[in-house]
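Working notes for the structure below.
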Amino acid sequence: MKKDLIIILSFALLLNSCEKESASDKSSSTGAGGSAARFTISGNFLYSVGNTSLKSFDISNPAAAPVLKSTIDVGVDIESIFPYQDKLFIGSSRSMYIYSLSNPEQPAKLAKADYPVRMSCEPVVAKDSTSYSTLNTNGPGAGGVSQLVVFDIKDITKPVLKASLRLINPGGLGISDTALYVCDGPQLLVYNIHNTYSPQLHRTITGETFFDVIPYGNILICQVSGGIALYDISTRYQPVFLSKVLN
């Protein structure tokens, strides 16, 4: 348990949402497993996104500095990066991009899926044949209704929009088994995604302002106002508050 707590706290110290990034106007923010992170690790490579680009770094030698292997132009207003299997899911203010890691030094673009509205923060997660994104339209220049959108990615080169659900002020999200956890400002929404293209709201948790989440085993690590809140998700649809680590 002590080892798990150390790992959890390490994740917690690195967790950072694109909402926080926007507020601080820094291009070098980082994340560890969160859907709103601007960098991620897959295998022996670290991938980071800037406003328009994706960079890959070889980190196979822990004693040496990361070695830049490629810089790829992706689009504009790039906000987040999320790894799943041998792919990277990249969120921008307008679109979701999917890149293959068949050649980890030089990720290759597989698809681009435009969102139904322009937003200010758009974390992405994926599982099996489905991807989920939250579209926050509360920022400057954004328009439309904030929402959770669901894409069918069975054909990874041609994502198909399957559903959209209205939200209030969404942030990050995470998946554990058939539970989808969505940060929505003053609440954490827990969805049943057994039917992957039709999320069903199972529970709403209040009492904090939620920004991003990382499911880690039976623990849900939540970035909240003032610090990190930990929840027991042994029962996936019934998170139980454990403790809060203050900033």
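What residue, among those in the range 83-128 that are among the polar types (S, T, N, Q) and at pLDDT 95 or above, is surrounded by the most Cβ atoms within 10 Å (Cβ to Cβ)? Before you say what the answer is, go through the steps one by one.
Of the residues in the range 83-128, the ones among the polar types (S, T, N, Q) are 85, 92-93, 95, 100, 102-103, 106, 120.
Those left that are additionally at pLDDT 95 or above: 100, 102-103, 106.
Working: S100: 17, S102: 11, N103: 11, Q106: 13.
Ranking the qualifying residues of the range 83-128, first place goes to S100.
The set of residues from the range 203-247 being of a type in the set (G, A, S) and under 19 Å from the mean Cα position of the chain (by Cα) comprises G217, S225, G227, A229. Scanning the range 148-184 for residues that are within 25 Å of N138 (Cβ to Cβ), free of Cβ contacts under 8 Å to residues at least 24 places away in the same chain and charged (D, E, K, R) yields a single hit, R166.
One residue stands out in the range 195-217 among those that are assigned to a loop (DSSP other than H, G, I, E, B) and at pLDDT 95 or above: the one that is surrounded by the fewest Cβ atoms within 10 Å (Cβ to Cβ), namely N195. For the range 137-164, a residue qualifies if it is surrounded by 19 or more Cβ atoms within 10 Å (Cβ to Cβ), over 13 Å from the mean Cα position of the chain (by Cα) and either part of a strand (DSSP E or B) or not β-branched (V, I, T) (or both), and the qualifying residues are S146, Q147, V149, V150, F151, P159. For the range 222-247, the candidate set comprises residues that are polar (S, T, N, Q) and closer than 22 Å to A37 by Cα; within that set, the residue that is modelled with the lowest pLDDT is N247.
Taking the range 235-247 only, how many residues are over 30 Å from K162 (Cβ atoms) and either not in a strand (DSSP E or B) or not polar (S, T, N, Q) (or both)?
Step one: filter the range 235-247 for residues over 30 Å from K162 (Cβ atoms), giving 240-247.
Add one more test, that the residue is either not in a strand (DSSP E or B) or not polar (S, T, N, Q) (or both), and what stays is 240-242, 244-247.
Of the residues in that region, 7 qualify.
Considering the range 79-117, the residues that are charged (D, E, K, R) and outside any strand (DSSP E or B) include one that is farthest from N136 (Cα to Cα), namely E105. Within the range 35-78, being assigned to a strand (DSSP E or B), hydrophobic (A, V, I, L, M, F, W, C) and in contact with a strand residue (DSSP E or B) (Cβ under 6 Å, 6 or more places away or on another chain) holds for F39, F45, L46, V49, L54, F57, V67, L68, I72, I78.
Can you confirm whether L220 is crowded, with 17+ Cβ neighbours inside 10 Å and not charged (D, E, K, R)? Can you show your working first?
On the way: crowded, with 17+ Cβ neighbours inside 10 Å: yes; not charged (D, E, K, R): yes.
Answer is yes for this residue.
Of the set (1) within 30 Å of K112 (Cβ to Cβ); (2) touching a residue at least 40 places away in the same chain (Cβ under 8 Å); (3) among the aromatic types (F, W, Y), all apply to F210 but (2).
The values are calculated or read from the model by the stated rules, or taken from the named source; none is laboratory data. Just so we're clear, the structure is a prediction, and the values are computed from it rather than from any experiment. Methodologically, a virtual Cβ is constructed for each residue, glycine included, from the backbone with ideal geometry; neighbour enumeration extends over all protein chains shown.
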